[in-house]
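Q: Next up is a structure, given as structure tokens.
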Amino acid sequence: MSKLRERILIVDDERGIVDMMKAYFSPQYEVLTAYSGEEALKKAEKQPDLILLDINMPGINGLTVCQTIREHVACPILFLTARIESADKITGFQAGADDYIVKPFDLDELAARIAAHLRREKRWHSQSTVRFFGELAVDYSARTVTIDHEAITLSRREFDILELLSLHAGQVFDRERIYETVWGIDGDGNSDTVMEHVRKIRAKFAAHTLHSYIETVWGCGYKWNG
């Protein structure tokens, strides 16, 4: 039986761009297309392995699409945009994007980025074990966390940070390294977003336990305290 091809969703209101990318990527991937934010929300239900998402679309724009599906879609989301300001990039990453592709782009470079993100996803999902840290259990395959059998709902990025730290218990990671590892290649947003994600994880844990699982190492970063 032949290996199933990975599925990518291309979303852009410019049909010429969508058609060009579909023709380029179809030999390697199963390609889904959408020409609006509304259509993208429907196509995202088909569980793509990666989404290329234009930001500047009429109606529901790419940022809104990303924010809407991010809690339910775990795959990488790569923004396509003509915006180049750092503030715009930070907004995109905070919305849940994994990478930022600035138009006009080179198709070969885009293909390399897509391949890198998909390889990274395979590495992360190769973890199929469940680990227990006292009252806390992490299922790395199902991407679930429980404390005393109570489910803790984490966003994709929150779980990614927890996964990185808990798989390397006791090792100190500075915010820049966490950002680069979790947000992927060429992440040029602000690593302060790591601090905000850690704050949210701690707040969710604090509702169920007094134990501080993510410890701040002042001047250095964070480490897992299992």
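The values are calculated or read from the model by the stated rules, or taken from the named source; none is laboratory data. Every value quoted in this text rests on a predicted model; they were computed, and no experiment measured them. With ideal geometry, Cβ positions are generated from the backbone for all residues, glycine too; neighbour counts draw on all protein chains shown. For accessibility, only protein heavy atoms count, side chains too; no ligands or nucleic acids. Shrake-Rupley method; radii C 1.70, N 1.55, O 1.52, S 1.80 Å.
Q: What is the distance, in nm, between label points placed 7 Å from the Cα along the Cα-to-Cβ direction at residue 45 and at residue 14?
A: It is 3.0 nm.
Q: Short version: what are the Cα gyration tensor semi-axes of segment 147-224, square root of 5 times each eigenvalue, largest first, in whole Å?
A: Values for segment 147-224, descending: 21, 14, 11 Å.
Q: Quick check for you: with a 1.4 Å probe and neighbouring chains kept, what is the accessible area per residue of segment 1-150, in Å²?
A: The answer is 51 Å² per residue.
Q: In vacuo Debye scattering of the chain, one point per C-alpha: log10 I(q)/I(0) at q = 0.14 Å⁻¹?
A: -0.90
Q: Rounded to the nearest 10 degrees, what's the angle between the helix 107-125 long axis and the longest principal axis of the chain, both from Cα atoms, 0 to 90?
A: For 107-125 against the chain, the angle is about 30 degrees.
Q: Something else: For residue 130, what is the net charge nearby, where nearby means another residue's Cβ is under 13 Å from its Cβ and Lys, Arg count +1, Asp, Glu -1?
A: 0
Q: Which ³J(HN,Hα) values, rounded to whole Hz and listed in residue order, are derived for segment 44-57 from phi using the Karplus coefficients 6.51, -1.76 and 1.60 in 6.51 cos²θ - 1.76 cosθ + 1.60 with θ = phi - 60°, glycine and proline given as x?
A: Those phi angles translate into 5, 5, 7, 6, x, 7, 7, 10, 9, 10, 6, 7, 8, 10 Hz.
Q: Are any of the pairs 122/200; 46/103; 43/204; 122/223; 46/223; 46/122 more than 28 Å apart by Cα-Cα distance, and if so, which?
A: Exceeds cut-off: 43/204; 46/223.
Q: Per the Cauchy relation, a quarter of the hull surface: what is the mean projected area of the convex hull of the alpha carbons in segment 13-129, in nm²?
A: With the hull built on Cα positions only, its mean projection is 7.5 nm².
Q: Using the beta-carbon distance between residue 61 and residue 174 and R0 = 30 Å, what value does 1/(1 + (r/R0)^6) give for FRET efficiency, to the nearest 0.05?
A: 0.35
Q: DSSP loop chymotrypsin sites (Phe, Trp or Tyr not before Pro) in segment 85-117 with at most 15 other Cβ atoms within 10 Å of their Cβ, which ones?
A: Hits after loop and neighbour filter: 105.
Q: Right, here's the next one. Could you give the angle, 0 to 90 degrees to the nearest 10, between helix 192-206's Cα long axis and the longest principal axis of the Cα atoms of the chain?
A: Around 50 degrees separate the two axes.
Q: Sticking with this one: On a 0 to 90° scale, report how tilted helix 156-166 is relative to the longest principal axis of the chain, with both axes built from alpha carbons and the result rounded to the nearest 10.
A: The answer is roughly 40 degrees.
Q: Here's a follow-up. Would you mind telling me the share, in percent, of accessible area of the chain contributed by carbon and sulfur at probe 1.4 angstrom?
A: Of all accessible area on the chain, carbon and sulfur atoms account for 51 percent.
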